Structure formats: C-alpha cells, structure tokens
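Worksheet for the structure shown next.
Every number in this text was worked out from the coordinates using simple rules, so none of it is lab data. What you are looking at is a predicted structure, and each value in this text was computed from that prediction instead of being measured. Cβ atoms come from the backbone with ideal geometry, glycine included; neighbour counts cover every protein chain shown.
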C-alpha cells in the first residue's frame, strides 16, 4: 500500500491522474512507491504498508486507485496487468 499524496501533496483535480500514473508505473516496473513520512503505522490496521522506501521487485499484478479530490470528486479504479 502506498500514498502518492505524501510525496506530491494534494493535486486537487489531478488526484486521479497522479494515482493512475503511479499505479501504471507499479504494474510496468514492479516497484511500489513509498509513503514518505510514515513513521508509526496504526497497529489496528493490518496492512502491507510501504513506509519511506520503495518496494522493488514487488510482482505487481493488480492495483486499486482511490482517487479522492476536494468537492466530492471521488473515484476508484482497478488496473490489472494483461500479457499480450
């Protein structure tokens, strides 16, 4: 799990494009970008965080982008690797 907002801030209307771009790079390069400044994760949330350092050789097959912007501009998009 990663959050692009920690690295680029809140791009408002471009939050979807930023999230999809990061997801496509993860699918193509098998690298999960880090969530920077994550020092202490909530113990009650059992998630596979990627704190402060990218996860390389991650074998990414499917991504979920939760794109949330101001003014209820919300979407969720699932991207899947397809071999041609």
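Within region 52-70, how many residues are part of a strand (DSSP E or B), surrounded by 13 or more Cβ atoms within 10 Å (Cβ to Cβ) and touching a strand residue (DSSP E or B) at 6+ places or on another chain (Cβ under 6 Å)?
Adding up the residues that qualify gives 5.
Hey, could you check region 9-22 for residues that are surrounded by 13 or more Cβ atoms within 10 Å (Cβ to Cβ) and over 10 Å from the mean Cα position of the chain (by Cα) and say which is nearest to residue 84 (Cα to Cα)?
Step by step, filter region 9-22, then rank; the result is 16.
Mind checking which residues of region 41-52 are free of Cβ contacts under 8 Å to residues at least 24 places away in the same chain and over 13 Å from residue 4 (Cα atoms)?
Those that are free of Cβ contacts under 8 Å to residues at least 24 places away in the same chain and over 13 Å from residue 4 (Cα atoms): 41, 42, 43, 44, 45, 46.
Mind counting the residues in region 71-84 that are surrounded by 10 or more Cβ atoms within 10 Å (Cβ to Cβ) and assigned to a loop (DSSP other than H, G, I, E, B)?
Residues in region 71-84 being surrounded by 10 or more Cβ atoms within 10 Å (Cβ to Cβ) and assigned to a loop (DSSP other than H, G, I, E, B): 1 in total.
Of the residues 25, 38, which single one is more than 13 Å from the chain's Cα centre (by Cα), surrounded by 12 or more Cβ atoms within 10 Å (Cβ to Cβ) and either free of Cβ contacts under 8 Å to residues at least 24 places away in the same chain or assigned to a loop (DSSP other than H, G, I, E, B) (or both)?
Within the list 25, 38, the selection yields 38.
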